[in-house]
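Colleague: Have a look at the structure that comes next, please.
The values are calculated or read from the model by the stated rules, or taken from the named source; none is laboratory data. Predicted model, so just to flag it, every value in this text is computed and none were measured. A quick note on method: Cβ atoms are made from the backbone with ideal geometry, for glycine too, and the neighbour counts reach across all protein chains shown.
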Amino acid sequence: MLRTLTDFIAEIAGGHRDAAFAENDYRLAAAALLVHVTTIDGEFGEAERDKLLRVLAHRFDLTAADATTLLDAAIARDAEAVDLYGFTSVLNRALDDEGRKRVVEMMFEVAYADGGLTEFEDNLVWRAAELLNVSSRDRVQIRKSVREAFDDEDDGA
């Protein structure tokens with residue numbers, strides 16, 4: 001309630017609050033899943049970090065600074081997590097079917113950031129998609145379209 005009041009006052013005063021990502025913010029839950037995908041192979045390189053920041057900024061319409069703040073919060077949340085359910089339950093409450101499919105799409109986008117999709121990354125996305133109630137058929141189609149886009153980027157580079 002206090003945050004709502006301070007947001008309201010800041011809006012009236014013509015200012016805006018810095019982006020704060022509460023524990024139940026669907027953007028934080030999605031970002032934490034993306035972090036989990038990029039770190040499942042034990043490495044978190046610059047290419048993955050850059051792709052993750054671009055995806056967060058684009059998909060959630062964030063400034064570069066806010067995307068970095070979200071990424072830092074997501075890294076911390078992922079480090080505390082014991083399973084995927086904590087993230088997927090927030091997403092299930094906040095998003096419709098199309099929104100949950102977009103989260104799966106984002107997971108594949110960051111998984112391909114380092115050059116390909118490992119079986120660990122694919123398995124993680126499969127498990128998250130199941131928890132997000134995204135059908136196997138939709139997941140496979142999303143993976144295919146992201147892979148084709150990734151291949152097109154490689155061909156053009």
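Colleague: So which of 90, 82 ends up being within 20 Å of residue 126 (Cα to Cα), at pLDDT below 95 and of a type outside the set (S, T, N, Q)? Full working, then the answer.
Modeller: Working: 90 fails: at pLDDT below 95.
Just a single option satisfies the conditions, and that option is 82.
Colleague: State the number of residues belonging to region 68-92 that are within 16 Å of residue 103 (Cβ to Cβ), in a helix (DSSP H, G or I) and of a type in the set (A, V, I, L, M).
Modeller: If we filter region 68-92 for residues that are within 16 Å of residue 103 (Cβ to Cβ), which is where we start, we get 70-71, 74, 77-78, 81, 84-92.
Remaining after also requiring in a helix (DSSP H, G or I): 70-71, 74, 77-78, 85-92.
Subset that is of a type in the set (A, V, I, L, M): 70-71, 74, 90-91.
Within region 68-92, residues that are within 16 Å of residue 103 (Cβ to Cβ), in a helix (DSSP H, G or I) and of a type in the set (A, V, I, L, M) number 5.
Colleague: Still on this model: For region 119-129, indicate whether the set of residues that are surrounded by 12 or more Cβ atoms within 10 Å (Cβ to Cβ), of a type outside the set (Asp, Glu) and touching a His at 6+ places or on another chain (Cβ under 7 Å) is non-empty.
Modeller: Checked region 119-129: at least one residue is surrounded by 12 or more Cβ atoms within 10 Å (Cβ to Cβ), of a type outside the set (Asp, Glu) and touching a His at 6+ places or on another chain (Cβ under 7 Å).
Colleague: So, one more: Which members of region 65-88 meet the condition of being in contact (Cβ under 8 Å) with a residue 40 or more places away in the chain, surrounded by 14 or more Cβ atoms within 10 Å (Cβ to Cβ) and not hydrophobic (A, V, I, L, M, F, W, C)?
Modeller: Across region 65-88, the qualifying residues are 66, 69, 77, 78, 86, 88.
Colleague: Continuing with this model, one more query. Can you tell me how many residues within region 112-157 are of a type in the set (Gly, Ala, Ser) and farther than 20 Å from residue 51 by Cβ?
Modeller: As a first pass, look at region 112-157 and keep what is of a type in the set (Gly, Ala, Ser): 113, 115-116, 128-129, 135-136, 145, 149, 156-157.
Filter once more, keeping what is farther than 20 Å from residue 51 by Cβ: 135-136.
Residues meeting the conditions: 2.
Colleague: Among the residues of region 131-139, is any touching a residue at least 24 places away in the same chain (Cβ under 8 Å) and surrounded by fewer than 15 Cβ atoms within 10 Å (Cβ to Cβ)?
Modeller: yes
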